[in-house]
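Below you'll find the structure, written out as structure tokens, and then a few comments.
The values are calculated or read from the model by the stated rules, or taken from the named source; none is laboratory data. All of these numbers come straight from a predicted model, not from anything done at the bench. Glycine also receives a Cβ, built like all others from the backbone with ideal geometry; neighbour counts cover every protein chain displayed.
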Amino acid sequence: MGLNELKRRWSEVAGDSFARATPEKLAGGVLTLKVPGALAPFLQQQTPLLIERLRVAGAKVKSVRIEQRTAALPAKGNVRPLKKPLTPAEEAALAQTLDPVGDPGLRSALMRLGRAVKQG
């Protein structure tokens, strides 16, 4: 069983206790797992059980290497907040300029762009 097959069948082969771990690499009989930080010490103690499960499933794994990872940081948006809102007159002028645009999604995007440019 290769890494791709192992990834595909991971929850079935590894069981519930290893469900949050992610197989990353399988080379030379060493399986590398990415594990959430708090779970790593527990899973380290359970590696003999995992190795046995993997062997029964047909994977040629001699040892398991656990790499702790931190929780993923929330994705930073690409839209920065406006420094100050446009005046009502500027907002009206921008809206009037975009009156011919029929697509509401495009109009909304152009309004945001216009506000950002006016702030420049």
Test set (1) modelled with pLDDT of 90 or more; (2) closer than 30 Å to residue 113 by Cα - residue 73 fails condition number: (1)
Selection count, region 14-42, where residues are closer than 16 Å to residue 62 by Cα and touching a strand residue (DSSP E or B) at 6+ places or on another chain (Cβ under 8 Å): 9
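For every residue, the table says whether it meets (1) in a helix (DSSP H, G or I); (2) surrounded by 11 or more Cβ atoms within 10 Å (Cβ to Cβ).
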residue	(1), (2)
5	yes, yes
12	yes, no
20	no, yes
34	no, yes
Flag if residue 49 is at pLDDT 85 or above, assigned to a helix (DSSP H, G or I) and not aromatic (Phe, Trp, Tyr): yes
